[in-house]
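The values are calculated or read from the model by the stated rules, or taken from the named source; none is laboratory data. In this text, all values refer to a predicted model and were calculated from it rather than measured experimentally. Cβ placement follows ideal geometry from the backbone for every residue including glycine, while neighbour counts extend to all protein chains displayed. Accessible surface areas use protein heavy atoms only, side chains included; no ligands, DNA or RNA. Shrake-Rupley method; radii C 1.70, N 1.55, O 1.52, S 1.80 Å.
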Amino acid sequence: MEFKETFRPESGEIKNRIVNYWTRRSHEFGELREKEQESETGQAWLAEIEQNLPAGKALKILDVGCGTGMFSLMLSDKGHDAIGIDLTEHMILHAREIAKKQHSSAQFYCMDAENPDFPDNTFDVVISRNLTWTLPHVEQAYAQWFRILKRGGILLNFDADYGHDSYSKDNSLLPPAHVHCSMPQEMLQECENIKSELTVSSKPRPLWDIHLLFETGFQKVSADPTISSRIYKDCNEFYNPTPMFLIRAVKL
């Protein structure tokens, strides 16, 4: 089956700016995620994902906003049919390079998370990490993810309330090896500027997300605000000081 790739954002200037920002970060982001995949942190991520999936079954999984593909690659290695999508073309190019190097069956497409080009009822699982805080239209994204999930399908959304945090002026909570410490100030400021224009940045999360998901039609919606303590055991280059949450929801 062929899918329509989206090489240019469809929703105006803000998406262009988001794509430009992540394009500039794609190379170092790819190197960091490839290291993370092989680290204890990567294995902790895999354990968190697997305990929220039905055991002993090969699943069709969509990794939305996959970046350079870490989740897709790990899940493919575990026997799942994994597809990763990201709006930033350079992220997808790096993901494909890494997949080729790892002899992975994971597939990657440049595609908008808010407008995924898949038929209804396609996936057993939709998963995302650090994506929804970057989206201009979170409601639309949740509705689309509901559409492409099968009945009984699971949404796993790992995210944080990044809209209320800022590291553009103070990196004191970050380890010296953290990528943000070496980023140009103008890039850090652009991230803050983009966040200030996104509706999601002003919402109380994850409570807002839970409400949206129930309105969309999901059931069994729950939030786990404790995952950071299990993922980030060391203050290393992968460390994220902003407390993350997992939102899990089911399409019944």
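Taking every pair of distinct Cα atoms and averaging 1/r, then inverting, what Kirkwood hydrodynamic radius in Å comes out for the stretch 9-99? Mind showing how you got there, number by number?
On the way: mean 1/r = 0.0720 Å⁻¹.
Final number for the Kirkwood radius of the stretch 9-99 is 13.9 Å.
Sort LYS101, LYS195 from largest to smallest accessible area, using a 1.4 Å probe on the heavy atoms of the protein chains.
LYS101, LYS195
Express in Å², to the nearest 10, the accessible area of HIS90 obtained by rolling a 1.4 Å probe over the protein heavy atoms while all chains stay in place.
90
So what are the three principal axis dimensions of the stretch 18-71 from its Cα atoms, in whole Å, longest to shortest?
39, 24, 13
Take the alpha carbon atoms of the stretch 72-145, find their radius of gyration, then divide it by 2.2 N^0.38 Å using N residues; give the quotient. Please report the intermediate quantities before stating the final value.
On the way: Rg = 12.7 Å, N = 74, 2.2 N^0.38 = 11.3 Å.
Ratio of Rg to 2.2 N^0.38 Å for the stretch 72-145: 1.12.
Cross-link list LYS15/LYS101; LYS60/LYS100; LYS57/LYS195; LYS57/LYS203: which exceed 32 angstrom alpha carbon to alpha carbon?
On the way: LYS15/LYS101 30 Å; LYS60/LYS100 20 Å; LYS57/LYS195 39 Å; LYS57/LYS203 36 Å.
Those over the limit are LYS57/LYS195; LYS57/LYS203.
Mean residue ellipticity at 222 nm from the helices of the chain, using -39,500 (n - 2.57) per DSSP H segment of n ≥ 4 over the full residue count, to the nearest 500 deg cm²/dmol? Numbers along the way, then the final one.
Numbers: 8 runs with 95 residues, N = 252.
Helices in the chain give a 222 nm mean residue ellipticity of -11500 deg cm²/dmol.
Would you tell me the accessible area of VAL19, worked out with a 1.4 angstrom probe on the heavy atoms of the protein chains, in Å² to the nearest 10?
The value for VAL19 is about 20 Å².
Among DSSP beta bridges whose residues both lie in the chain, state the antiparallel percentage, nearest 5.
Working: 11 of 30 bridges.
Taking every DSSP beta bridge with both residues in the chain, the antiparallel ones total about 35 percent.
If ARG96, ARG205 are ordered by their accessible area, calculated over protein heavy atoms with a 1.4 Å probe, which sequence runs from highest to lowest? Intermediate results must be reported in sequence, preceding the final value.
Details: ARG96 95, ARG205 25 Å².
From most exposed to least exposed: ARG96, ARG205.
Which net charge results when you count Lys and Arg as +1 and Asp and Glu as -1 among the other residues whose beta-carbon is under 11 Å from that of LEU131? Each step should come with its number before you reach the end.
Values: positive: ARG129; negative: ASP63, ASP86, GLU114, ASP159.
Computed value for this residue: -3.
What do you reckon, how do CYS181, CYS66 stack up by accessible area (1.4 Å probe), largest on top? Present the calculation step by step, with values, prior to reporting the outcome.
Details: CYS181 55, CYS66 15 Å².
Largest accessible area first, the list is CYS181, CYS66.
Keeping the other protein chains in place, figure out the carbon and sulfur percent of the accessible area of the chain, with a 1.4 Å probe. Intermediate values should be presented prior to the final figure.
Numbers: 5760 of 11500 Å².
Whole-percent figure for carbon plus sulfur exposure: 50.
Just one of [x] 30, 25, 16; [y] 33, 18, 17; [z] 25, 21, 20 is semi-axes √(5λ) of the Cα gyration tensor in Å calculated from these coordinates, so which is it?
Read-out taken from this structure: [z].
Specify which residue in the list PRO116, SER104, SER128 is farthest towards the positive end of the charge dipole of the stretch 48-163, using unit charges on the beta carbon of Lys, Arg (+1) and Asp, Glu (-1), about the Cα centre.
The residue sitting farthest along the positive end of the dipole is SER104.
Where does the charge balance sit around THR122 when Lys and Arg score +1, Asp and Glu -1, over other residues with C-beta under 13 Å from its C-beta?
Details: positive: LYS60, ARG147, LYS150, ARG151, LYS251; negative: ASP81, ASP117, ASP120, ASP124.
Local net charge: +1.
Over the stretch 43-101, give the accessible area per residue in Å² for a 1.4 Å probe, as an integer. Display every interim value, and only then the final one.
On the way: 2300 Å² over 59 residues.
Dividing the accessible area of the stretch 43-101 by its residue count gives 39 Å².
In percent, how large is the relative contact order of the chain, given Cα pairs closer than 8 Å and 6 or more residues apart?
On the way: 448 pairs, mean separation 47.9, N = 252.
Rounded, it is 19 percent for the chain.
Over the alpha carbons of the stretch 131-252, what is the largest minus smallest coordinate on each principal axis, giving the biggest first in Å?
Projected onto the principal axes, the Cα atoms of the stretch 131-252 cover 45, 32, 22 Å.
I'd like the accessible area for LYS203, computed on protein heavy atoms only with a 1.4 Å probe and all protein chains in place. Round to 10 Å², please.
60
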